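Shown next, in structure tokens, is the structure this report addresses.
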Amino acid sequence: MAAPVTNPAPPPAAAEAVGGRAPRAPRVARHRGDGVVAWLFLAPYLALFGTFVLAPIVLGIWISLHSWDFTLPGKPFVGLDNYADLFDPDSVSFDPFWNSMQATGIFTLFSVPLLIVVPLAVALVMNEKFRGRNLFRAIYFAPYVLGVAVVGVMWRFLLDRNIGAVNSYLDAVGLPGDTAWLSSVPAAWVALVGVTVWWTLGFNAVIYIAGLQDIPRELYEAAEIDGASRWASFRHVTLPGLRPVTMFVTLVTVIASANMFGQSFIMTNGAPARETQTAIFYIAETGLQNFQMGQAAAASWILTLALMLLSVVVFAVFRARGQVSES
């Protein structure tokens with residue numbers, strides 16, 4: 001008589017599946033050397049980050065606590081005296097530093113709104129479909145690839161009071177043709193802000209175009225079905241969709257404007273009477289020309305803290321607007 005045939009017991013994973021429970025994922029074996037391999041891949045980045053980011057930060061703080069003249073062997077420790085001098089109205093450093101901070105504020109105040117609104121308008125036009133669109137995009141972006149030295153020297157000659165092409169054209173159309181664009185205020189501010197907008201709007205416009213292309217077309221179609229006008233679609237579809245991009249553009253533009261140096265140095269050299277000398281201009285002159293590296297480092301940290309605070313404010317404003325629009 002043949003032995004009865006018995007079915008083999010199902011494996012544990014199959015038994016769990018039959019019982020209604022999902023089978024467990026197989027465990028991936030981890031080797032002892034995996035962590036070492038990961039750190040080896042991170043090592044080049046960490047070396048560069050430590051050398052060019054962390055080390056300069058620590059060195060900058062260290063220098064700001066010393067009377068640091070790199071032409072002299074002695075660099076005595078002075079603690080917070082360099083910072084105190086910048087806040088002491090009786091100090092010889094007080095007026096030049098805070099005048100440069102005021103100049104930085106003026107430039108940032110007038111350049112940032114233009115570098116947010118004008119590139120957005122250009123991006124809205126360049127996002128439409130028409131013949132030659134790519135050519136116009138390239139034309140608007142082309143100035144951005146130029147170096148600040150090229151831009152500064154070119155516009156210094158174009159805006160020259162006596163031989164500049166700008167005054168010549170203004171005179172030809174019957175407008176005042178003797179404006180001192182580089183040696184009087186507010187003309188110097190108009191020149192610096194205008195040149196900066198012309199030079200850098202292409203970068204912001206490209207960022208806006210990328211953001212516009214990420215907004216789903218279905219939202220515009222739904223707004224059109226609801227009878228929304230173009231302005232209503234812009235307010236309720238385009239602007240909310242561009243909020244993350246606008247926050248990025250605002251932060252980058254604020255930081256770049258607060259660090260403006262090349263245009264002022266090359267075009268106006270701080271004229272008239274240091275009215276257009278920005279904070280970075282003052283820091284470079286104090287540290288590299290007057291050899292007061294300790295005071296220059298302290299001034300740079302004050303500017304850094306101001307930018308950090310301003311960045312927090314920008315984040316808070318955009319976050320609050322986002323919460324209001326969602327509610």
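Every number here is computed from the coordinates shown, using simple stated rules; none is lab data. Just so it is clear, the structure is predicted and the values come from calculations on it, not from any experiment. Neighbour counts are summed over all protein chains in view; Cβ atoms, including those assigned to glycine, are modelled from backbone coordinates with ideal geometry.
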Query raised in the report: What residue among M308, G262, L192 has its Cα farthest toward the positive end of the dipole of the range 170-327, where the charges are +1 on Lys, Arg and -1 on Asp, Glu, each on the Cβ?
Result: M308
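With the cut-off at 1.5 for a/c, could you classify the range 35-152 from its C-alpha gyration tensor as rounded, prolate or oblate?
Oblate, because a/c is 1.5 or more while a/b does not exceed b/c.
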Report summary line: In a Gaussian network model of the chain with springs linking alpha carbons closer than 10 Å, the residue among G74, G211, G227 that fluctuates most is G227
Query raised in the report: What FRET efficiency, computed as 1/(1 + (r/R0)^6) with R0 = 56 Å and r the Cβ-Cβ distance, is obtained for N269 and R131, rounded to the nearest 0.05?
Result: 0.80
Report task. Enter the Cα centre distance for the pair the range 83-105 and the range 204-255, rounded to the nearest angstrom. Result -> 41
Query raised in the report: What shape does the range 240-302 take by its C-alpha gyration tensor, where a ≥ b ≥ c are the square roots of the eigenvalues and a/c under 1.5 counts as rounded, a/b above b/c as prolate, and the rest as oblate?
Result: oblate
Report summary line: Eigenvalues of the alpha-carbon gyration tensor of the range 193-319, times 5 and square-rooted, give semi-axes in Å, largest first, of 41, 17, 10
Report summary line: Taking Rh as the Kirkwood radius computed over alpha-carbon pairs of the range 180-222 and applying Stokes-Einstein at 4 °C with viscosity 1.567 mPa s, one gets a diffusion coefficient in µm² s⁻¹ of 100
Report summary line: Of P44, P216, P176, the most mobile residue in a GNM of the chain (C-alpha springs, cutoff 10 Å) is P44
Report task. Taking the chain as the reference, fit the longest principal axis to its C-alpha atoms, fit the long axis of helix 293-326 to the helix C-alpha atoms, and give the angle between the two in degrees, 0 to 90, nearest 10. Result -> 50
Report summary line: Per GNM of the chain with C-alpha springs under 10 angstrom, the most fluctuating residue out of L86, L158, L170 is L170
Query raised in the report: If exposed chymotrypsin sites (Phe, Trp or Tyr not before Pro) are those in a DSSP loop with at most 15 other Cβ within 10 Å, what is the longest stretch of the chain that has none?
Result: 131-290
Query - Nearest 10 degrees, 0 to 90: helix 148-158 Cα axis against the chain principal axis - result: 40
Report task. Treating only the Cβ atoms of Lys and Arg (+1) and Asp and Glu (-1) as charged, compute the dipole magnitude of the chain about its Cα centre; round to the nearest 20 debye. Result -> 1360
Query raised in the report: Does anyone have the angle between helix 94-126 and the longest principal axis of the chain? Alpha-carbon axes, 0 to 90°, nearest 10?
Result: 60
Report summary line: Over the chain, the sum of -39500 (n - 2.57) across DSSP H runs of at least four, divided by residue number and rounded to 500 deg cm²/dmol, gives at 222 nm -19500 deg cm²/dmol
Query raised in the report: Expressed in whole Å with the largest first, what are the equivalent ellipsoid semi-axes of the chain derived from the C-alpha gyration tensor as the square root of 5 times each eigenvalue?
Result: 53, 36, 19
